[in-house]
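Structure, as structure tokens:
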Amino acid sequence: MERPTPTLDYRKKNKKRGGTSLWQDAFRRFIRNKYAILGLVILTFMVLFAFIGPYFSPHQDVPDVTKANQPPSNEHWLGTDNLGRDVLLRLMLAGRISLTIGIAATLILLLIGVTLGSISGYYGGWLDVIIMRIADIIYAMPGLPILIVMGAIMSDLKIPPAHRIYYVMFILGIISWVGVARLVRSQILSLKEQEFMLATEVLGLKDSKKIIKHLFPNVLPTVIVAGTLGVASSIISESTLSFLGLGVVPPTPSWGYMLSAANNMIDFAKRPWLWIPPGVAIMLTVVAINFIGDALRDAFDPRQKI
Amino acid sequence: MAQFIVRRLLQSIPTLIGASIIIFLIFALAPGDYVTRQFENPKMTPERMEQLRALYGLDKPLPERYVSWAGNMLRGEMGDSLMFKKPVISVINDFIWNSFLLGVAIMFFEWLIASIIGIYSAIRQYSVFDAIATLIIFMLYSLPSFFLGLLLLKIFAVDLRWFPVGGMITTGSNYTGWAHIMDVAKHMVLPVATLTLISVGGLSRYFRTNMLEVIKQDYIRTARAKGLKERTVIFKHALRNALLPLITLFTLEIPSLFAGAMITERIYNWPGIGKVVLQAIYVRDYPLFLGYTMLITVLTILANILADVLYGIADPRVRLK
């Protein structure tokens, strides 16, 4: 047996100790988290399922009433719906819409939340008072009823079905920015008191440089975690709204709307293949995102062991 | 303390006014009102529609409608529900207690189950129990309430027929006394189970995190070093301190007792305020919706103040200014 040379040993040690930046530490903690890996695997599967899956389907997404309401079979793995369309293919296409809305709504809420939160925390004064007052107002109002009313108003405005997904994204974003804004504001308030910010002051840096180069990287972990968990709750909100027939409406498919088949007593009791698969799809996606978000939160926590 | 409460109450006035304006505008700016919704048909002349609008007070300009509505609100008059043809207050009173019944049962089971799972997961961190509990909790937490509701309804009411499919009492029955209570309880099982399962996840995570935080503290090591029984250490020393932040959570949950659960109540056809308000949205009965939303907004603001006050009482380190 050969004894390891001292140089090799030294290198090994060095390798183990390397990676001192927050991001490298966080990455290391993240990939060691079993739930995070499980979440990544499920989420990757769901994304491939929705975006690549339809190309592998032997069916076309066109109605064929002669094949309506067939139970799962070899030809139609998840059966067909009341218009004779393949449910598995519908599920994939609906996934595209539901995932896109979840992500887009979150980007909108982050844009609003981070901007207002930073302004509020950094500048303080009357801007802070006004923004936080608006946040208080939105926070005090019951979210779900307001969301449903906005969905109902979309129907009154006779917004074309193809445009409704954009409105749904905006509504979800506008309703849910408060949490992120408060989080970012409190982070910036505490960062402002730290010495490195005093140093930027002494160096005479411009406000924009101070915010973008020095404050923002420190707030980013919080924003990433809030954003990840935001995608999960946006997907649930969208599906709830579409389930009530007030979100995404046909012909655009979405998981929530597919679930609304269960509102029909016969479909609900006798044709579970119409509404159970979209429910499972929502659950898998959301659980995967929550695993990832939770793992990210732990990974970015500097108090955690590496 | 009294000064703090008074100041917070005064501060909440602008919040309330802002919320009332937003809620009022959302509904008022939408095209189509109760009249077009309910009476629009080819036989209806525009003149008759205008008459009906005047009858319901929908013909005045917006600011005027807001001021008269807000003034009435302050006097506790929420107007008449267009759908039920009676005062909004009495409609809310008719249905809110059914929601309250569900809410109390859910809160009880939610806190009971969450505390057991959370504390046990924390004591046995990284055990098999902890791993499985985490997995199940995440799955429940990630289910949309309507899907879980439908699933339980399908399995336990439609297929197994263990529980009724919906409502609060068996139709056509005239149970009284004990039989009535049992009948209602049977109808409550599935909605309560649905909402408890959905909410238990988040809360048990809080219990777990707080317990883990406390268990690491020096005073717990001291307690163990003194030779106290593990039971005493966990329940007397650790749990008491872990519960502190949960007071806030508990207080903030109080408004939800009255708010009802729109989706779940609809799925189980439970005659609660949530189901009624959802129906009110569909038929554009906005006096009812406005009354309900303002009530919940007020309760939320009050619960927030109460949470701060209670936390200040429970934790002597916090000084209310």
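The values are calculated or read from the model by the stated rules, or taken from the named source; none is laboratory data. Quick caveat, the model's predicted, so the values are computed rather than measured. Cβ placement follows ideal geometry from the backbone for every residue including glycine, while neighbour counts extend to all protein chains displayed. Surface areas here come from the heavy atoms of the whole protein model, side chains and all, with no ligands, DNA or RNA. Shrake-Rupley method; radii C 1.70, N 1.55, O 1.52, S 1.80 Å.
Being within 12 Å of another protein chain (Cβ to nearest Cβ) and touching a Phe, Trp or Tyr at 6+ places or on another chain (Cβ under 6 Å) narrows it down to one residue among A:ALA288, A:ALA262; which is it?
On the way: A:ALA288 fails: touching a Phe, Trp or Tyr at 6+ places or on another chain (Cβ under 6 Å).
Among A:ALA288, A:ALA262, only A:ALA262 is within 12 Å of another protein chain (Cβ to nearest Cβ) and touching a Phe, Trp or Tyr at 6+ places or on another chain (Cβ under 6 Å).
Look at the stretch B:125-139 and say how many of its residues are more than 8 Å from every other protein chain (Cβ to nearest Cβ) and crowded, with 19+ Cβ neighbours inside 10 Å.
Total satisfying the criteria: 2.
How do the helices (runs of 4 or more DSSP H) wholly within the stretch B:210-321 filter down when requiring 1 or more residues that are within 10 Å of another protein chain (Cβ to nearest Cβ) and surrounded by 15 or more Cβ atoms within 10 Å (Cβ to Cβ): which remain? So that I can check it myself, show each step before the final result.
Numbers: elements: B:218-225, B:239-259, B:262-267, B:273-282, B:286-314.
Once the helices (runs of 4 or more DSSP H) in the stretch B:210-321 are filtered for at least 1 residues that are within 10 Å of another protein chain (Cβ to nearest Cβ) and surrounded by 15 or more Cβ atoms within 10 Å (Cβ to Cβ), what remains is B:239-259, B:262-267, B:273-282, B:286-314.
Of the conditions (1) touching a Leu at 6+ places or on another chain (Cβ under 8 Å); (2) surrounded by 16 or more Cβ atoms within 10 Å (Cβ to Cβ), A:SER155 satisfies every one except a single condition; which number is it?
Looking at each condition in turn, A:SER155 falls short on (2).
Within the stretch A:42-71, track down each residue that is over 20 Å from A:ARG96 (Cβ atoms) and not in a loop (DSSP other than H, G, I, E, B). Outline the logic, then answer.
Quick first cut of the stretch A:42-71, residues over 20 Å from A:ARG96 (Cβ atoms) only: A:64-71.
Answer for the stretch A:42-71, where residues must be over 20 Å from A:ARG96 (Cβ atoms) and not in a loop (DSSP other than H, G, I, E, B): A:VAL65, A:THR66, A:LYS67.
So, in the stretch A:111-152, of the ones that are of a type in the set (D, E, K, R) and within 14 Å of chain B (Cβ to nearest Cβ), which residue ends up surrounded by the fewest Cβ atoms within 10 Å (Cβ to Cβ)? I'd like the intermediate steps shown before the answer.
If we filter the stretch A:111-152 for residues that are of a type in the set (D, E, K, R), which is where we start, we get A:128, A:133, A:136.
Retained after the next criterion (residues that are within 14 Å of chain B (Cβ to nearest Cβ)): A:133, A:136.
Working: A:ARG133: 14, A:ASP136: 20.
Taking the candidates together, the pick is A:ARG133.
Taking the stretch B:80-121, which residues are open to solvent by 40 Å² or more (accessible area, probe 1.4 Å), assigned to a loop (DSSP other than H, G, I, E, B) and touching a residue at least 40 places away in the same chain (Cβ under 8 Å)?
Answer for the stretch B:80-121, where residues must be open to solvent by 40 Å² or more (accessible area, probe 1.4 Å), assigned to a loop (DSSP other than H, G, I, E, B) and touching a residue at least 40 places away in the same chain (Cβ under 8 Å): B:MET83, B:PHE84.
State which residue is farthest from the chain's Cα centre (by Cα) when the search covers only the stretch A:29-58 and only residues that are surrounded by fewer than 17 Cβ atoms within 10 Å (Cβ to Cβ) and more than 28 Å from B:ILE136 (Cβ to Cβ).
Per the criteria, the residue is A:PRO58.
Do we find that B:TRP178 is open to solvent by 50 Å² or more (accessible area, probe 1.4 Å), within 28 Å of A:ILE282 (Cα to Cα), away from chain A (no Cβ under 14 Å) and hydrophobic (A, V, I, L, M, F, W, C) in this structure?
For B:TRP178, the condition - open to solvent by 50 Å² or more (accessible area, probe 1.4 Å), within 28 Å of A:ILE282 (Cα to Cα), away from chain A (no Cβ under 14 Å) and hydrophobic (A, V, I, L, M, F, W, C) - is not met.
Among B:ILE106, B:ILE23, which is at pLDDT 80 or above, within 20 Å of B:TYR292 (Cα to Cα) and in contact with a Ser or Thr (Cβ under 7 Å, 6 or more places away or on another chain)? Can you show your working first?
Working: B:ILE106 fails: within 20 Å of B:TYR292 (Cα to Cα).
Every option except B:ILE23 fails the conditions.
Quick check on the stretch A:280-292. Is at least one of its residues under 16 Å from A:ARG90 (Cβ atoms), surrounded by fewer than 24 Cβ atoms within 10 Å (Cβ to Cβ) and modelled with pLDDT under 85?
Looking for residues that are under 16 Å from A:ARG90 (Cβ atoms), surrounded by fewer than 24 Cβ atoms within 10 Å (Cβ to Cβ) and modelled with pLDDT under 85, one finds none in the stretch A:280-292, hence no.
Read through the list (1) buried (at least 21 other Cβ atoms within 10 Å of the Cβ); (2) more than 20 Å from A:THR44 (Cβ to Cβ); (3) of a type in the set (Val, Ile, Thr); (4) at the interface with chain B (Cβ under 9 Å from one of its Cβ atoms), then give the number of the only condition that A:ILE276 fails.
(1)
Which one of these is in contact with a Ser or Thr (Cβ under 7 Å, 6 or more places away or on another chain), outside any helix (DSSP H, G or I) and surrounded by 21 or more Cβ atoms within 10 Å (Cβ to Cβ): A:VAL231, A:VAL248? Explain how you work it out, then say what you get.
Working: A:VAL231 fails: outside any helix (DSSP H, G or I).
Exactly one of A:VAL231, A:VAL248 is in contact with a Ser or Thr (Cβ under 7 Å, 6 or more places away or on another chain), outside any helix (DSSP H, G or I) and surrounded by 21 or more Cβ atoms within 10 Å (Cβ to Cβ), namely A:VAL248.
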